[in-house]
1. Inspect all residues belonging to the stretch 159-181 and state whether any of them is touching a Leu at 6+ places or on another chain (Cβ under 6 Å), under 19 Å from Arg95 (Cβ atoms) and of a type outside the set (Lys, Arg).
2. Can you give me the number of residues within the stretch 1-30 that are free of Cβ contacts under 8 Å to residues at least 24 places away in the same chain and among the hydrophobic types (A, V, I, L, M, F, W, C)?
3. Anything in the stretch 44-64 that is assigned to a helix (DSSP H, G or I) and either in contact with a Gly (Cβ under 7 Å, 6 or more places away or on another chain) or open to solvent by 30 Å² or more (accessible area, probe 1.4 Å) (or both)? List them, or say none.
4. Please verify whether Ser118 is open to solvent by less than 80 Å² (accessible area, probe 1.4 Å), within 20 Å of His222 (Cβ to Cβ) and either modelled with pLDDT under 80 or small (Gly, Ala, Ser) (or both), treating the condition exactly as stated.
5. So how many residues does the stretch 95-109 have that are open to solvent by less than 20 Å² (accessible area, probe 1.4 Å) and more than 20 Å from Val174 (Cα to Cα)?
6. Can you tell which of Ile83, Ile70 is out of contact with any strand residue (DSSP E or B) (no Cβ under 9 Å at 6 or more places or on another chain) and closer than 29 Å to Glu116 by Cβ?
7. Suppose we keep only residues that are among the charged types (D, E, K, R) and in contact (Cβ under 8 Å) with a residue 40 or more places away in the chain within the stretch 163-222. Which one would you say is surrounded by the fewest Cβ atoms within 10 Å (Cβ to Cβ)?
8. Within the stretch 74-92, restricting attention to residues that are among the β-branched types (Val, Ile, Thr) and assigned to a loop (DSSP other than H, G, I, E, B), which residue is nearest to Ser28 (Cα to Cα)?
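The values are calculated or read from the model by the stated rules, or taken from the named source; none is laboratory data. Just so it is clear, the model here is predicted, and its values are computed rather than measured. Here the Cβ positions follow ideal geometry from the backbone for every residue, glycine too, while neighbour counts run over all protein chains shown. Just so you know, the surface numbers come from the protein's heavy atoms only, side chains and all, with ligands and any DNA or RNA stripped out. Shrake-Rupley method; radii C 1.70, N 1.55, O 1.52, S 1.80 Å.
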Amino acid sequence: MLLRYLLEPKADKEKVVMKLKKLESSVSTGRKWFRLGNVVHALQATQQSIHATDPVPRLCLTLASLNRVIYFICDTILFVRSIGLASGINKEKWRTWAARHYYYSVLLSLVRDLYEISLQMEQVAHDRAKREKSPSREPLGYSVADEETEWLQSFLLLLFRSLKKHPPLLLDTVKNICDILNPLDQLGICKSNPGIIGLGGLVSSIAGIITVAYPQMKLKTH
């Protein structure tokens with residue numbers, strides 16, 4: 001999708017663009033074949049998330065997994081229609097339902113990420129406060145503008161240190177941000193273009209590959 005978007009404006013690339021469109025369609029169909037077993041996996045993820053000790057991740061991940069189950073069911077029904085086994089299925093209606101439940105799933109996962117980030121920022125701030133031996137003093141010429149600038153800088157620095165200290169949390173947050181671009185566009189909440197969606201999908205896929213290759217990079221549920 002990303003390649004097609006980059007090559008479409010070029011006049012001498014029509015044949016390549018058509019081949020990329022066919023490849024995109026074929027890959028999409030193949031991906032739906034591989035997704036047929038994902039309903040079971042999502043149900044297992046729901047069962048595991050129920051046992052999380054922290055109530056916020058437990059609620060977010062359980063609801064996210066349930067929405068993912070519904071999304072995969074809708075996606076499977078769309079796949080059945082696409083191969084001609086059930087032509088009476090309303091494609092647009094089921095596609096909207098699939099996009100909506102996928103959006104809910106990713107949004108809830110992002111809420112969990114933000115909660116985890118807030119906990120890490122709180123811990124980093126607590127550790128820094130313990131290391132500080134003397135109270136800070138206000139600089140000369142102190143003003144409200146200085147306070148706002150200092151607050152923003154402190155917040156960004158704290159966020160950077162928190163994510164740097166926990167790479168799995170950073171990776172999961174980036175992946176979920178990239179994943180939510182597609183349903184946002186499909187539902188008309190935030191319209192985008194195929195280039196941005198394709199780039200987001202590429203980054204999300206790379207993040208997913210990293211968690212498979214390095215299991216320690218997968219965000220754990222406590």
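1. no
2. 8
3. Passing the criteria: Gln44, Ala45, Gln47, Gln48, Pro55, Val56, Arg58, Leu59, Leu63.
4. Spelling it out, Ser118 is indeed open to solvent by less than 80 Å² (accessible area, probe 1.4 Å), within 20 Å of His222 (Cβ to Cβ) and either modelled with pLDDT under 80 or small (Gly, Ala, Ser) (or both).
5. Total satisfying the criteria: 1.
6. Exactly one residue qualifies, and that residue is Ile70.
7. Among residues in the stretch 163-222 that are among the charged types (D, E, K, R) and in contact (Cβ under 8 Å) with a residue 40 or more places away in the chain, the one surrounded by the fewest Cβ atoms within 10 Å (Cβ to Cβ) is Lys220.
8. Checking each candidate, the answer is Ile83.
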